[in-house]
Amino acid sequence: MTDDVIELTKQLIERVSITPEDAGCQELMADILSPLGFNIESLVFDDTTNMWARKGTQSPVFCFAGHTDVVPTGDLSLWHTPPFDPVVHNGMLYGRGAADMKGSLAAMLAATVKFVNQHPDHQGSISYLITSDEEGPFINGTTRVIDTLEARNEKIDYCIVGEPSSSHLVGDVVKNGRRGSISGELTVKGKQGHVAYPDHVKNPIHLAMPALAELSQTHWDHGNEYFPETSFQLTNIESGTGATNVVPGHLVAWFNLRYSTELSDQKIVNKVTEILNSHQLDFDIKWTYNGKPFITEPGVLLNGVTNAIKKVTNREAILSTSGGTSDGRFIAPTGAEVLELGPCNATIHQINESVSCDDLVNLVEIYYQSLVNILCPK
Ligand SMILES: [Zn+2]
């Protein structure tokens, strides 16, 4: 077993773990953690493989969270090198998952090996919550592991999710929260008929347009210290039969809101419903609740991690809540402090995904120093 972060990242990339496959990644991780004294639990739910590993029985419980799955490669002919044959070129390591997030997993492991060897008498516990379905439907992954932990009253206090949070150099950005996400599928009902007989039809496009215009121009909130203002976006509209002489019977519009901690799912549902009612529409909405917003304020975790970044790289991390959702949304509601810190995200989910080798080496030190700051307080 190696604790060299580049070599470990390569070994993980070689395992073809497209969602929901784990392809032996977690076994490789367990082989490194077991000899350090970690108790390993493999939690398989349907097609998803999860791992909960813990060393120690005391509080506080520090957790490294992440995923072994990767997104599909897309057109193989566009890759300069095969996506599952990792190669280093000009200081960059190329391969699917290099940045999202096998590099982070390798850095967590290397940091843990160093920390356990150098601080065998540390406080609290160290744990790993790893899933193979973060990039997929997120039904049988982190959320199920959290359910399992909650059922036996096992709590995470501090959690670093290894998602690629950085912009230019590792540690320049830490995500200390995420916006909430809610989607709606709106059906506006009309009455179909011949375009030449307007008295006999109710045109759902005409009925829906003023309401959609109002929704798209509504100010939902002003955001706050940590969040930009909430954004409403229409993503798809469908209506019509394709014929130019038929008024359609209904219109379907899909929309999504990314929202701040100033709002809640319920407030959004109420306001959308109120606006649609004010336009006297006959409508249905199917809602999808993708995740509530969360924020981690300055405290043991945030201070421990930003001080670690400062010590290792001399950088002042910028705090951000931008970007899509992550599995942090399932961990934060348990009361845990949650941050996302990983390498640069410029190439994630793209062809020729890559990560800087220097950044990975620094990430090991940042994770290591974070463990020292949090589990070995002076
Ligand atoms: Zn990811």
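Points worth noting:
- Among the listed pairs Lys175/Lys292; Lys189/Lys286; Lys102/Lys311; Lys191/Lys286, those beyond 18 Å (Cα-Cα): Lys102/Lys311; Lys191/Lys286
- Using the Cβ of Ser354 as centre and a radius below 14 Å, the other residues enclosed give a net charge of -2, where K and R count +1 and D and E count -1.
- Taking only Cα atoms of region 90-226, radius of gyration then Dmax in Å: 25.0, 83
- Axis angle, to the nearest 10 degrees, between helix 300-313 and the longest C-alpha principal axis of the chain: 70 degrees.
- Helix axis angle, 142-151 relative to the chain longest principal axis, alpha carbon, degrees: 70 degrees
- Exposed-site-free run, longest, the chain (rule: GluC sites (Glu not before Pro); DSSP loop; at most 11 other C-beta within 10 Å): 1-224
- Check: the chain dipole with +1 on Lys, Arg Cβ and -1 on Asp, Glu Cβ, in debye: 640 debye
- Max mean-square fluctuation residue, GNM over the chain, Cα-Cα springs under 10 Å, options Asn117, Asn245, Asn303: Asn245
- Equivalent ellipsoid semi-axes - Cα gyration tensor, region 254-314, angstrom: 41, 11, 9
- For region 211-316, the Cα-based Rg and Dmax, in that order, read 20.5, 70 Å.
- For region 272-357, pairs of C-alpha atoms spaced more than 20 angstrom apart make up 58 percent of the total.
- For the chain, the percent of C-alpha pairs falling in each 10 Å distance bin, counted from 0 to the bin holding the largest distance, reads 5, 22, 28, 21, 13, 8, 3, 1, 0.
- Cleavage-rule hits, trypsin sites (Lys or Arg not before Pro), region 106-164, DSSP coil, Cβ neighbours within 10 Å at most 10: Arg152
- Prolate/oblate/rounded call for region 40-136, Cα gyration tensor, a/c under 1.5 rounded: oblate
- Solitary cysteines of the chain, where the nearest other Cys Cβ is not under 4.7 Å: Cys25, Cys344, Cys357, Cys376
- Label-point separation, Ile275 to Glu214 (7 Å along Cα→Cβ), nm: 0.9 nm
- Between 0 and 90°, nearest 10: helix 265-278 axis offset from the chain longest Cα axis: 10 degrees
Every read-out reported here was derived from the displayed coordinates using simple, explicitly stated rules and does not represent laboratory data. Since the model is a prediction, treat every value here as computed from it, not as a measurement. Positions of Cβ are generated from backbone atoms using ideal geometry, with glycine treated the same way; all protein chains shown enter the neighbour counts.
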